[in-house]
Structures are given as structure tokens and as C-alpha cells.
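Bear in mind these aren't lab numbers, they're just calculated from the coordinates by the rules spelled out. Source: prediction; values computed, not measured. A quick note on method: Cβ atoms are made from the backbone with ideal geometry, for glycine too, and the neighbour counts reach across all protein chains shown.
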Amino acid sequence: MDAPPLSEDELNEIYNWVDTVPLSRPKKHIGRDFADGVLIAEIIQHYVPSMIDIHNYSMAHSVQQKQYNWNTLNAKVFRKMGFQITQKDIDAVIQVVPEAIERILKVIQVKLDMFLDHQEQNQVQKHDKPNEVQKNQNQVNNPKPGVNNKQNDKDLVIQDQQETIEILELKIQKLEQLVKLKDSKIQQLTQKLQQAGIK
């Protein structure tokens, strides 16, 4: 989804919200600080610890590593929350375009609120329906649900495999970018040698 522009009040609200989250490094220039996606991962981890494996995200100076971090967030985190950041917005954040990260943070704030509300409602429904819980428990004790349990196990395995494939695809993409970069450097060196009269 495209991140919408923000009013001055919304910008101030975002800055205040970010200040309430304990981050691993101090916020000096919000655009540069958040460009590699690591602090975004920390914010998600603060609210939904089970959703983030912070070791998947490393501080980055190269565009390739920043892109990898954002692609990983899109594939493994944002998708589970019901949205994804567009490549256009990711590029704007990586290039530190003014207010680009603030717009992304606003989207994340709204989606986080919705996700947490949904989780809370699910918990309330579980407590409000003891008969339904008992019914489900009875179904578990029934010989047939073995099939359902196997199906659930299969679904979990499939989901894990899909996530693994997505991460591997991101790594392949990163390696391809590095290969192209090296090929470009080799071509430049070859041209310089030819210009210098060395073959």
C-alpha cells in the first residue's frame, strides 16, 4: 500500500510515538536512522515480540543490505499484519527522501493498532465462549480430529516452507545484485586498462 502524506500534527504524533519505544541506538536524524529498517523491526518487536526475529536484520550502509532488510520485513512481518510497503516507498526511505519514513511509520502505527486490537478481540472471544471452548475440546477427543490436527500440522509446515523460500529468494536477489556490481567494476577496470594501452 502507498503511504499517504501527513499533516504537521500527524508528524508530531509519529515523533512522540517513536520516542516511547526503547531503541538500540539514539534517534538523531530519523530519516537516516530508520533507512536500513532495523529500528522498524525493533518497534514491531516491542509490540509483538513473537513476530520478529531481530537477528534477521543487521545495520546496513549499502543499498543492497537495506533493501534486503525491508524485503524481509515485507515478506515475514508486514504480510502477516495484512499489508505490505510498496517498492516506491521503500526506495524513498532508503534514499532518505524527506518525510518518507514518517509516512511509513504512520502506516505501521495504524496497522499495529489494528493487529493488536484483533488479537485482543480474539482473546476476549475465547474467554466469553467457554461452551465453544468445551465443544472444541470435545472435538479434539473425538477420533476424527486426528485428521484435522494433521491438516493443521501440514498447514504450519507449508507456511514455514513458504517463508523459507521467500527468504532464500531474497538472498538470491541480493547475491545477483552483488554479481552485477562486480561485473560492472570488472568492465570499468577493463575499459581503463584498454584506454591506458594495456591489454
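Applying the Karplus parametrisation 6.51 cos²θ - 1.76 cosθ + 1.60 with θ = phi - 60° to the phi angles of region 29-37, what ³J(HN,Hα) value in whole Hz is obtained for each residue in order, glycine and proline being reported as x?
For region 29-37, the Karplus curve yields 10, 4, x, 6, 4, 9, 4, 8, x Hz.
What ³J(HN,Hα) values, in whole Hz, does the Karplus curve 6.51 cos²θ - 1.76 cosθ + 1.60 give for region 66-83 when θ = phi - 60°, with x put for Gly and Pro?
Using θ = phi - 60°, the values come out as 4, 4, 4, 4, 5, 5, 5, 4, 4, 6, 9, 10, 4, 4, 5, 8, x, 7 Hz.
Whole-Hz ³J(HN,Hα) for each residue in region 20-27, computed from phi via Karplus 6.51 cos²θ - 1.76 cosθ + 1.60 with θ = phi - 60°, x for glycine and proline: what do you get?
7, 9, x, 10, 6, 9, x, 8
Provide the gained length on full extension for the span I165 to Q119, in nm with one decimal, where the gain is 0.36 nm per separating residue minus the Cα-Cα distance.
13.8 nm
With charges only on Cβ, +1 for K and R and -1 for D and E, what is the dipole size of region 21-63 about its Cα centre, in debye, rounded to 20?
Using only the charged Cβ atoms, the result is roughly 220 debye.
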